[in-house]
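Here the structure is laid out as structure tokens; the discussion comes afterwards.
The values are calculated or read from the model by the stated rules, or taken from the named source; none is laboratory data. Predicted model, so just to flag it, every value in this text is computed and none were measured. Here Cβ is always computed from backbone atoms with ideal geometry, including for glycine, and neighbour counts include all displayed protein chains.
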Amino acid sequence: MIRDITIGQYYSTDSLIHRLDPRVKLVGTLCYIISLFLINNWPGYIIATAFLFMVIALSRVPVKFMVRGLRAIVLLLIIAGVVNLFFTPGEELWAWKKLSITKEGITMASTMVLRLIFLIMGSSIMTLTTTPNNLTDGLEKGLSFLKIFKAPVHEMAMMMSIALRFIPILLEETDKIMKAQIARGADFESKNLIKKAKALVPLLVPLFVSAFRRANDLALAMEARCYRGGDGRTKMKPLIYKKADAAAYLVILLYMIACIYFGRIFKF
Amino acid sequence: MSIILDHVCHTYESGTDLKSDALKDVSFKIEDGEFVGLIGHTGSGKSTLVQHLNGLLKPTSGNIYFDGADINDSDYDRKNLRRQVGLVFQYPEHQLFEADVFSDVSFGPKNMGFDKKEAELTAYSALEMVGIPHDLFYVSPFDLSGGQKRRVAIAGVLAMKPRVLVLDEPTAGLDPAGRDEILSLIKKLHDENKITVILVSHSMEDVANYVDRIIVMNDGSVYLDDTPRNVFSHYRELESIGLSAPAVTYILGALQNKGFNVDTNATTIDEALHTILHALKA
């Protein structure tokens, strides 16, 4: 029942994008998100679309998987689209009672929906092509300059990778406890809100107990292997930039320049 | 009253690339009052199978009948089914949540619509049945020892007064003393309360002394379904699917090879002792 939930799913295959350094992908995703909010005309959107589909093609991840991530925001898309379509003031094209569709409204609604779709698809390329471990390694190294300000970068990255690692375990645990309580007659499908909240107690208490137990075990196991934080710690697979990564940075830079020039400054 | 499985198949994540057949065409019948051992290697489909018995999982195809009614009919009273077929999961102590032992055990009967007095009565007798002393009734279940927690969790299912008790690896993670305690408790429940028991395990040793019938699962299908004596006589085949016969089977086999006239079909230590003494006297 609860197994259907997928968060940050990784699609395992071998491609140019998969092999890129996670730092490149993090920077690239950030740049892409920024670019979506910089562009304000149709040539800009053509460039953004072309870039997105080029990366999808290079990543060898089926488009089906990309679209799957959109299902979660369908409602948001519909609301954003409808509200912008009907309630943007401007040059009226069609009206019925208080509802009216304006020229500005159509532009606003379509850019809003496009931006949201690209935002989700752009960031899901990163999670689909990067393993969670790689991602946190990338974050740790990418943000290591913050160490000058005494920020505990390694500890934060370690916490993040443990948290990610525990998501499937805790989901499985939830499923198990839920089934055990259903076997004892618990009712999780009640429509009554108060009953629904009450029904969560037999689920949440054992779940918290088990999360603490697992955390305790993990801490012990880490200590038994002499884990003592990030200072002086080396990696088995250190992140080193390769030629492809430099080329990717160049492509991202060119994309940003193109976006700013054609999407904002250049007048057609 | 009986449980009938008719060509039950179950596929996880069907329709995706991750699909796996957990159960393949499983059919058998369990009669009233039987004590059945369900045995199989890790991943053989035992746990998936037992979750079908009280309707937690629905078969992808095939039917399951309890008392002659199909439990997956849309108008079947599944809550009542779960009262009748008590399912004790693996590591059941992980499901404890109440502030004290007694309230935790009465959780099940209260859900099943017993009134307060009745629920407390059944909780009381269930705790007595599993041998929890009275002075532990009102302590937090989290303060008990591992074996005690497990017995409290089993009492939580027994308090619903099930007619069929299904236990998934009830001895996992217990020391030998705790294991024997739980198994003899289950045996007592079967003998005195006439409860049908289905005991899931991967250890032949565990079940050999207690059950009347063994169903061996391998790779999602029923591999053998017979009395312990007949099942263990196939011990070479059992080894090939990652299981082993009880140690006595091997010892008696070795003795026979050395020329002793022993009965190699003995399955329990008592029977083995008897046949070895007999051979030595002769």
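Points to keep in mind about this one:
- Breaking point among (1) assigned to a loop (DSSP other than H, G, I, E, B); (2) of a type outside the set (Phe, Trp, Tyr); (3) modelled with pLDDT under 90; (4) surrounded by 20 or more Cβ atoms within 10 Å (Cβ to Cβ), for B:GLY173: (4)
- Residues that are closer than 24 Å to A:PHE208 by Cβ and in a helix (DSSP H, G or I), drawn from the stretch B:148-170: B:GLN148, B:LYS149, B:ARG150, B:ARG151, B:VAL152, B:ALA153, B:ILE154, B:ALA155, B:GLY156, B:VAL157
Yes/no matrix, rows are residues, columns are (1) touching a His at 6+ places or on another chain (Cβ under 8 Å); (2) hydroxyl-bearing (Ser, Thr, Tyr); (3) free of Cβ contacts under 8 Å to residues at least 40 places away in the same chain:
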{"residue": "A:GLN9", "(1), (2), (3)": "no, no, no"}
{"residue": "A:PRO22", "(1), (2), (3)": "no, no, no"}
{"residue": "A:PRO43", "(1), (2), (3)": "no, no, no"}
{"residue": "A:THR49", "(1), (2), (3)": "no, yes, no"}
{"residue": "A:VAL55", "(1), (2), (3)": "no, no, no"}
{"residue": "A:VAL74", "(1), (2), (3)": "no, no, yes"}
{"residue": "A:ASN84", "(1), (2), (3)": "no, no, yes"}
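- On the stretch given as the stretch B:115-144, residues that are within 22 Å of B:LYS188 (Cα to Cα) and of a type in the set (Gly, Ala, Ser) total 4.
- Test: residue in the stretch A:149-169 that is among the hydrophobic types (A, V, I, L, M, F, W, C) and within 14 Å of another protein chain (Cβ to nearest Cβ): yes
- When the stretch A:170-216 is limited to residues that are within 9 Å of chain B (Cβ to nearest Cβ) and among the β-branched types (Val, Ile, Thr), the one that is farthest from the chain's Cα centre (by Cα) turns out to be A:ILE182.
- Single unsatisfied condition, A:TYR241 versus (1) among the aromatic types (Phe, Trp, Tyr); (2) in a loop (DSSP other than H, G, I, E, B); (3) modelled with pLDDT under 90: (3)
- For the stretch B:137-147, the criterion of being assigned to a loop (DSSP other than H, G, I, E, B), of a type in the set (Gly, Ala, Ser), touching a Lys or Arg at 6+ places or on another chain (Cβ under 9 Å) and in contact (Cβ under 8 Å) with a residue 24 or more places away in the chain is satisfied by no residue at all.
- Filter result for A:THR131 (in contact with a helix residue (DSSP H, G or I) (Cβ under 7 Å, 6 or more places away or on another chain) and either away from chain B (no Cβ under 14 Å) or modelled with pLDDT under 85 (or both)): no
- Within the stretch A:209-224, residues that are touching a residue at least 24 places away in the same chain (Cβ under 8 Å) reach partners that are in a helix (DSSP H, G or I) and charged (D, E, K, R) with beta carbons closer than 6 Å, at six or more positions or on different chains, in the pairs A:SER210/A:GLU173.
- Some residue of the stretch A:199-206 being at pLDDT 90 or above, among the small types (Gly, Ala, Ser) and at negative phi: no
- Of all residues making up the stretch A:107-133, the number that are buried (at least 19 other Cβ atoms within 10 Å of the Cβ), more than 12 Å from the chain's Cα centre (by Cα) and farther than 23 Å from A:PRO43 by Cα: 0
- Counting only helices (runs of 4 or more DSSP H) wholly contained in the stretch B:1-116, the ones carrying 3 or more residues that are in contact with a helix residue (DSSP H, G or I) (Cβ under 6 Å, 6 or more places away or on another chain) and surrounded by 21 or more Cβ atoms within 10 Å (Cβ to Cβ) occupy B:101-111.
- Filter pass, A:SER35 being within 14 Å of chain B (Cβ to nearest Cβ) and small (Gly, Ala, Ser): no
- Only listed residue being over 15 Å from the mean Cα position of the chain (by Cα), of a type in the set (A, V, I, L, M) and surrounded by fewer than 20 Cβ atoms within 10 Å (Cβ to Cβ), chosen from B:ALA254, B:ALA245, B:ALA266, B:ALA272: B:ALA254
- First in the stretch B:252-280 and of a type outside the set (Asp, Glu), second anywhere and loosely packed, with under 14 Cβ neighbours inside 10 Å and in a loop (DSSP other than H, G, I, E, B), Cβ under 7 Å, 6 or more apart: B:ASN261/B:ALA282; B:ALA279/B:ASN261
- When residues of the stretch A:158-173 are limited to those that are touching a residue at least 40 places away in the same chain (Cβ under 8 Å) and within 14 Å of A:ASN134 (Cα to Cα), the one surrounded by the most Cβ atoms within 10 Å (Cβ to Cβ): A:MET158
- Just one of the listed residues (B:GLY113, B:GLY62, B:GLY40) is within 14 Å of chain A (Cβ to nearest Cβ) and either more than 23 Å from the chain's Cα centre (by Cα) or in contact (Cβ under 8 Å) with a residue 12 or more places away in the chain (or both), namely B:GLY113.
- Within the stretch A:121-177, the only residue that satisfies the criterion of being in contact with a His (Cβ under 8 Å, 6 or more places away or on another chain) and outside any helix (DSSP H, G or I) is A:THR130.
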